[in-house]
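Values quoted throughout were computed directly from the atomic coordinates according to the rules given, and no laboratory measurement underlies them. From a predicted model like this one, the values you see are computed outputs, not experimental measurements. FYI the Cβ positions are ideal-geometry reconstructions off the backbone, even for glycines, and counts take in every protein chain you see.
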Amino acid sequence: MTKKKITLLAVGDNLLYMKNPEKMYALAAPVLKTGDIVVGQLETPCTDRPAMSPLWGWGMGTKPPKGYELKRLEALKTAGFNVITLAGNKIWDAGVPGIEDTIHKLRAMGIAPVGAGMDIEEARKPAILECQGTKVGFLSYNCVGPREAWANPLKPGCAWIRVLATYELDHMTPGGMPTIYTFAELESVKAMCDDIHNLRPRCDVLVVHFHKGLGMQHIKLAAYEQQVSYAAIEAGADLVLAEHAHTLRGVEIYRGKAIFHGLGQFVPFDPDAKPEPGSPWLVERQQKLFLEMFGQELKESEAWPVAPNSMLTMIARVIIEKGTISRVGFLPCQINKQGQPEILKHDARGQQVFDYMDKITQAVRIPTQYDWDGDEIIVKAD
């Protein structure tokens, strides 16, 4: 069969806590549905069954709280997704029922889940979609923990890469400020590379997806982030996608392949929610980040969930022709006060996303160039 041109669209974190999850996609769905393959990350599992979650203090036989109902997943189908990555830090929120029911429901709706399973073998199993004669394979890994969320041969959970951190004092003064070094444990990286090698002959385009990074940290890349991304490409990946920081990160070109270090949050919060009592550290962090990026103070009343720097997001747009990626770009988006991602044009609002991406990319010394092509921002190697 002749391989025709197809479009892959990708977005970051999707939370479905709100009263009407489908409404959150109302502005973006018309564009998402233009994609042949549309991938997003699901933050939380869903189930209607009693579950146990040691992480959140739910006992055996306790129903998950409001926001985890299984019907919420239907919003993903309505929005146009056909691949959902599950390897993330919250996949164990509803215990075994959450993982089992989420995977079953996604498959029943015709959406391919990847990155979680009833054991580690299933969690590492790829999703492969064929479209217009082209096969696109997906793998998904959680790099941020917690270990309770990891699958093993006897336990459901997600595919994972173990990341270690060491803290070294810059000056040998007890209690001084340390430099933090992070690195992925080599056996974990080898397991990922084995998965890539096994998948490579089975698809034309191979996508590796990571849940990685520091929450709300828009500039700094931890050392392990490039380590695992480079290793994936060296093993045979054609494209690396990532999220978890809930803010945009830079796009890097390595050996001619694109790495989206952070797609940002896409459907991130309940628009009726307020900052949780007792979480001033979150508001303080948001204020600091906003001051760094925009040179002005962020009022506490405007902090999470509507801090402007975290409300900028994107839809990655990748063109695949004759079984090969021929073009990489993204559509600039901004999340409005109703929690809806709104796709922007080449205007003042779209330029804000362009400038933001350019600034945070340069800040980590990634020599990527961005350029407008109509209402799309194209990613180019320097």
Fill in the blank from the handout: Percent antiparallel among DSSP beta bridges confined to the stretch 72-139, nearest 5, equals 60 percent
Problem - Cα gyration tensor, the stretch 119-218 - rounded (a/c under 1.5), prolate or oblate - result: prolate
Handout entry: For the stretch 1-160, radius of gyration divided by Kirkwood radius, i.e. Rg to Rh on alpha-carbons
Key = 0.98
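Using a 10 Å cut-off on Cβ atoms, rank the peptides 151-163, 176-188 from the highest mean neighbour count down. Display every interim value, and only then the final one.
Details: 151-163: 20.4, 176-188: 13.1.
Highest to lowest by the protection proxy: 151-163, 176-188.
First select every other residue whose beta carbon is under 14 angstrom from the beta carbon of L221; then total the charges, Lys and Arg +1, Asp and Glu -1.
Details: positive: K212, K220, R249, R365; negative: E225, E243, E252.
Summing Lys and Arg as +1 and Asp and Glu as -1 gives +1.
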Completion exercise
Sorted on mean Cβ neighbours within 10 Å (highest first), peptides 254-263, 28-37 come out as 254-263, 28-37
